[in-house]
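The values are calculated or read from the model by the stated rules, or taken from the named source; none is laboratory data. From a predicted model like this one, the values you see are computed outputs, not experimental measurements. We place every Cβ from the backbone using ideal geometry, glycine too, and count neighbours over all the protein chains shown. We work out accessible area using only protein heavy atoms, side chains counted, and drop any ligands, DNA or RNA first. Shrake-Rupley method; radii C 1.70, N 1.55, O 1.52, S 1.80 Å.
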Amino acid sequence: MGSHDGEADELPPPPPVPPDVVPIKAEDVVGELPPNKPVKPKKLPMARPGVGRKGQSIQLYSNHFKVSVKSTEEFFFHYHVNLKYEDDRPVDGKGIGRKVIDKLQQAYHSELSNKDFAYDGEKSLFTVGALPQKNNEFTVVLEEASTGKTAANGSPGGDDSPGGGDRKRVRRSYQPKTFKVEINFAAEIPMSAIGQVIRGEESENSLEALRVLDIILRQHSAKQGCLIVRQSFFYNNPSNFVDLGGGVVGCRGFHSSFRGTQSGLSLNIDVSTTMIVKPGPVINFLLDNQKVDHPSKIDWQKAKRALKNLRIKTLHANAEFKIFGLSERNCKEQTFPLKQRNGNDGDCDTVEITVYDYYKKKGIELLYSGDLPCINAGKQKRPTYFPIELCNLIPLQRYTKALSTLQRSSLVEKSRQKPQERMTILNDALQHSDYGSDPMLRSCGISIAPKFAQIEGRVLQAPKLKAANGEDIFARNGRWNFTNKKFIQTCSVDKWAVVNFSARCNVGNLIRDLMRNASAKGIQMAEPFEVFEENPSMRRAAVSRRVDDMFEQIKSKLPGAPKFLLCLLPERKNCEVYGPWKRKCLAEFGIVTQCLAPMRVNDPYLLNLLMKINAKLGGLNSLLQIETSLAIPHVSKVPTIILGMDVSHGHPGQSDRPSIAAVVSSRHWPHISKYRASVHTQSPRLEMMSSLFKPRGTEDDGLIKESLLDFYTSSGKRKPDNIIIFRDGVSESQFTQVINIELDQIIEACKFLDEKWSPKFTVIVAQKNHHTKFFQNGSPDNVPPGTVVDSVVCHPKNFDFYMCAHAGMIGTSRPTHYHVLHDEIGFSADEMQEFVHSLSYVYQRSTTAISVVAPICYAHLAAAQVGTFLKFEEMSDASSSQGGHTSAGSVPVPDLPRLHEKVRASMFFC
């Protein structure tokens, strides 16, 4: 480190950088800026403007455990690991790296000055202090018969498995296997950088230092035989398994990660769930997976797809292999060349023998798999066959395909725990994982306290709501009702009809009950024009045909276009008619529609339906009292638009589905309860929004322009002076992109409309998928609705807080983590927390406070609903206007059909 000292005398030190400016690295700028354009300093997440004071104090625990770090001058040394076989081929298998590095550590411990390693299982290895040499090459020999990877010669099976190749070659894979390991110095990270994390001064070094600590924990779990998925680990313990059907098992494990908080470094440990393949006999997995009761009913093409790359252990040889595929023919007919010595002259004869006969000769009687294909655990050119009954799937293998609706709901239901139960499980996990014994943590001087962090939270008072005739609605425990009250602004439902897609139900009764409930809530509902029953011959037809046929009926019988259609779906909500029906109504004809699946229809169900219908047709069910009395700080006095932004991606397993970006915006200022939505497609899995501002000549086709123009026309020709943006679903690593890229696009869209207009911006990110939970001191219940926390477990410097606005009825409540990244409007901590709390009470679909602000919920709904437009059609490549950039270059993304102008400003997503 001392090598640079001589240079320091020659130049004076540079001037200090102001605290809120991040110096721009040269390479960020080069080639991007036209000459003479000033470089904009990069915006950083803002600092906390103090803490909130409002609300009633409440004592809480959180699943953060205090970490003490002895302050040290030591360095982490980062090395790059390169693993090769003897013949210099790179090692590609997962899991083998840890075995090789463990062996290396035992074999060369004195040459490596007895150092402990933190190895990530792939290319990175860290030590405390340097290894003796900068570049190290070692030879490591693993003794075991099979490492679960095929040997270099492609035949893993030893002479216990029928496969190609002669005896000599086959036997060689039982010999010890030799690896070359290169360990090259990559970087050094001062351990003192952990101190920066605690002070909230994130830097390249401090993030890297945290990464090392996380790797140490992962390695600790790997040594205990856990499956590791990113920051979570799963033990092979059947008491943590729940069967989800279809050969899939939910496996309960733990998430753990280090975080810098106001109270120092903490370890956040939470319960986590992943899906694994049901371990045990392969045949059992296949029967479960295809839901059949006999091997003769198995679809082997499907089976091949389901089994590929899974790892098996064979019963007769107790060795591990990876499945490549299945044999072409069944076990009694599939032959392979077996070389046998003939006589004493050492020559070999090759005989073709069936897999079945080969095992029979070896004294292994096959009970049922003679008539089934064999598992091929070899390579493309050199198969290695095993009868299916000799193969067991090894435990803890991830199941990565998309779950069915049934499996998903089963997973959610079976992995819930009440707060007290969750605390007990986490306590046990901390004892069980025994971090105190980890030599690597010890050498960093790290110890982890076994106690939950104690926090003082605050419970905010629920905002008052207004119904019709000036009546007050009081929320208790995050819920309210409309008993004996009418909706505050009601629509009238006339020119409407009912459409029945073969649902079995008494439509007459349904209409009568709906009209009775409507009038009780102040909605004027006329008799429907007509009930259109689906032609029974259409029930088996293609979905788009069914929808078209229904519209032909409507056109032929109604005097003009209806204003509203009530649509009865035959089975549950996610039935396939839904997407094409919504598309036809909203994009082609501009008709508001409400779908229902009439299973158990009672008055509360109909009330809920009417809340949605009223909101879609332009009514409002309730308003906040502070909205009507113009008492919302910063918002009521100055024209203010509220935006909710979200990007939704396909489920795992739908990697080619375009992502859908939605922007929801408030209208009718000074209201904050009415919204509209614009939706666009963008490249699959792209988290940043790519279509906020899209100039084309003199036009802007972006999502923001529509919102701004609608606000102007719906708010008495006023431009918003304040723009408040709620952004969902970005991780901490993307915060700077949100305020430097997305916010800049929004500013550009404003300037494009009017160069002289410069509104003030506030940007808030909401996160739901984090791992911080709160527990009440001495109570088995979830934290009460309105609980807010902005101390102890929050960021050391930035403006963030956790809020539980909703009443958690089942499981353990997940608070929403709000980060105020940028605030030109100037909210105090109390004002911001109360504003966010209020926005959890304006959701028109329910009479409960919701867990995340309404504009974000609406953005989810809009993206999901418009996403169903794409679901059932062949996506054509030609219909793209937004080329997505994926690794394969530019891939066209199909455009969504635009909503009809009649419904564009409606709350169609409600």
Hey, K694 over 30 Å from Q489 (Cα atoms) and open to solvent by 10 Å² or more (accessible area, probe 1.4 Å) or not:
yes
Of the residues that make up the stretch 510-521, is at least one surrounded by fewer than 20 Cβ atoms within 10 Å (Cβ to Cβ), at pLDDT below 95, more than 30 Å from M191 (Cβ to Cβ) and among the charged types (D, E, K, R)?
no
Tell me the strands (runs of 3 or more DSSP E) entirely within the stretch 711-782 that contain at least 2 residues that are of a type outside the set (F, W, Y).
722-728, 760-767
The one condition N608 fails out of (1) modelled with pLDDT under 95; (2) under 33 Å from the mean Cα position of the chain (by Cα) is (1)
From the list L630, L643, L708, pick out the single residue that is in a loop (DSSP other than H, G, I, E, B) and either of a type outside the set (S, T, Y) or surrounded by fewer than 18 Cβ atoms within 10 Å (Cβ to Cβ) (or both).
L630
Looking only at the stretch 402-435, count how many residues are out of contact with any strand residue (DSSP E or B) (no Cβ under 6 Å at 6 or more places or on another chain), surrounded by fewer than 17 Cβ atoms within 10 Å (Cβ to Cβ) and not β-branched (V, I, T).
16
So is F185 open to solvent by less than 30 Å² (accessible area, probe 1.4 Å) and either assigned to a strand (DSSP E or B) or modelled with pLDDT of 95 or more (or both) or not?
no
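Residues are listed down the side, and each one gets a yes or a no for (1) closer than 19 Å to L426 by Cα; (2) part of a helix (DSSP H, G or I); (3) open to solvent by 30 Å² or more (accessible area, probe 1.4 Å):
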site	(1), (2), (3)
L207	no, yes, yes
L210	no, yes, no
I215	no, yes, no
C251	yes, no, no
F258	yes, no, no
Positions within the stretch 53-75 being closer than 23 Å to A829 by Cβ and surrounded by fewer than 15 Cβ atoms within 10 Å (Cβ to Cβ), in sequence order
R53, Q56, S57, Q59
Quickly run through the stretch 608-623 and pick out the residues that are crowded, with 18+ Cβ neighbours inside 10 Å, closer than 17 Å to T847 by Cα and touching a Ser or Thr at 6+ places or on another chain (Cβ under 9 Å).
M611, N614, A615, K616, G619, L620, N621, S622, L623
Cβ contacts < 9 Å: first residue closer than 16 Å to D288 by Cα, restricted to the stretch 303-319; second residue part of a helix (DSSP H, G or I) and open to solvent by 20 Å² or more (accessible area, probe 1.4 Å), any location; separation 6+ or different chain. Result?
A303/N289; A303/Q290; A306/N289; A306/Q290
Count - residues of the stretch 431-464 that are among the hydrophobic types (A, V, I, L, M, F, W, C) and at pLDDT below 90:
1
Would the stretch 458-480 turn up any residue that is under 30 Å from V249 (Cβ atoms) and part of a loop (DSSP other than H, G, I, E, B)?
no
Single match in G867, G884 (criterion: under 14 Å from S691 (Cβ atoms), open to solvent by less than 40 Å² (accessible area, probe 1.4 Å) and at pLDDT below 90)
G884
Among the candidates K582, K563, which residue alone is surrounded by 18 or more Cβ atoms within 10 Å (Cβ to Cβ), closer than 21 Å to L610 by Cβ and out of contact with any Cys (no Cβ under 7 Å at 6 or more places or on another chain)?
K582
For the stretch 454-472, the count of residues that are farther than 30 Å from T261 by Cβ and crowded, with 20+ Cβ neighbours inside 10 Å equals 3
Hey, does the stretch 122-129 have a residue that's modelled with pLDDT of 90 or more, over 35 Å from the mean Cα position of the chain (by Cα) and either surrounded by fewer than 14 Cβ atoms within 10 Å (Cβ to Cβ) or assigned to a loop (DSSP other than H, G, I, E, B) (or both)?
yes
Does the stretch 294-304 include one or more residues that are among the basic types (K, R), modelled with pLDDT of 90 or more and farther than 30 Å from S404 by Cβ?
no
Looking at the stretch 726-734, can you tell me whether even one residue there is farther than 23 Å from V852 by Cα and buried (at least 19 other Cβ atoms within 10 Å of the Cβ)?
no
If we only count helices (runs of 4 or more DSSP H) wholly inside the stretch 504-622, which ones have 3 or more residues that are among the small types (G, A, S)?
507-520
